[in-house]
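The values are calculated or read from the model by the stated rules, or taken from the named source; none is laboratory data. Worth saying up front: this structure is predicted, and the values here are computed from it rather than measured. As a convention, Cβ positions derive from the backbone with ideal geometry for all residues, glycine included, and neighbour counts pool all protein chains shown.
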Amino acid sequence: MKKAPPEKVTRQVVSFNVEELEPLLSGPSMPIPPFEPAMVQVKNGQTMLIRPLEKEEAPAFLAYIKKLMDVDHDFYDIVGARVYAEILGWVRNRLKDPYQLIGLIDGHAVAFCNGRLMNEDINISLHSMAFRRGLRAGAIMYYAKCDYCFETLKQKEFWATYESYNGLKRWGIGMAQPSYPWPDRQHELGGAKVFYVTREYWATTVKNYLEEQIQTRLVRPVSAELLRANRTLIMPETLEEEEQPALVLA
């Protein structure tokens, strides 16, 4: 769009340094307490460390997630594409207040979850993924981000939507999550229905339900030895490690 200036100007062309433009393009940020690393004992007796994913680990993570885009069943393709974009949005500063958590056993990535803060009160759940089945790792990651929302950030609501039938059954229906009227309220993942958990519902019902599902609890603080053992991220070589990866998708 062009429009003649209302005043005589000495410069017809005004240039910008990209460093001046970046603050307008970057996702705004709030001061957010970080997720404190936690450990859980998974079903096979091993110890899984949950910690924030680091930006320098993003290339290896993205290389693995890219493989999911070619899987044409159980919503792997759309979830792979969306998680890939979410990680890029985080790395390129094009996503507001995101968080990415990785579940590791001896450095090997077995699960992942992410979300972002809409504001001080509302936490937007994006995705949860398990790269090994049979460990309840995906459920543990879902629990971890609910814990982060309500116990660390002290937020009022946790918003989710579901792309898979399993995710809807286990979390939306399993936790009897209420939903906001649609289309008045829409989740940012495709404009789907918003299912939500309030802080009170978490404290009285959902926390107990999730702990029954995962049959464990987050343990903090974690030892320096455990942190060292999981300092270097090792992504699976293929889509199958032990068993086929599972998606929780919320």
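So here's what we get for this one:
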item: Residues located in region 196-223, provided they are aromatic (Phe, Trp, Tyr) and either assigned to a helix (DSSP H, G or I) or touching a residue at least 40 places away in the same chain (Cβ under 8 Å) (or both); result: TYR201, TRP202, TYR209
item: Failed condition for GLY107, given (1) surrounded by fewer than 16 Cβ atoms within 10 Å (Cβ to Cβ); (2) farther than 18 Å from PRO37 by Cα; result: (2)
item: Of all residues in region 1-41 being part of a strand (DSSP E or B) and touching a Ser or Thr at 6+ places or on another chain (Cβ under 8 Å), the one that is modelled with the lowest pLDDT; result: GLN41
item: Any hit, region 191-205, residues being modelled with pLDDT under 95, more than 21 Å from GLU120 (Cβ to Cβ) and in contact with a strand residue (DSSP E or B) (Cβ under 8 Å, 6 or more places away or on another chain); result: no
item: Among (1) modelled with pLDDT under 95; (2) in contact with a Pro (Cβ under 6 Å, 6 or more places away or on another chain); (3) surrounded by fewer than 23 Cβ atoms within 10 Å (Cβ to Cβ) - the single one PHE131 does not satisfy; result: (3)
item: Strands (runs of 3 or more DSSP E) lying entirely in region 42-133 (those with 3 or more residues that are of a type in the set (A, V, I, L, M, F, W, C) and within 17 Å of the chain's Cα centre (by Cα)); result: 98-105, 108-117, 122-130
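Yes/no per residue for (1) modelled with pLDDT of 95 or more; (2) under 21 Å from ILE102 (Cα atoms); (3) not in a loop (DSSP other than H, G, I, E, B):
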site	(1), (2), (3)
MET141	yes, yes, yes
GLU151	yes, yes, yes
LYS154	yes, no, no
MET175	no, no, no
TRP182	yes, no, no
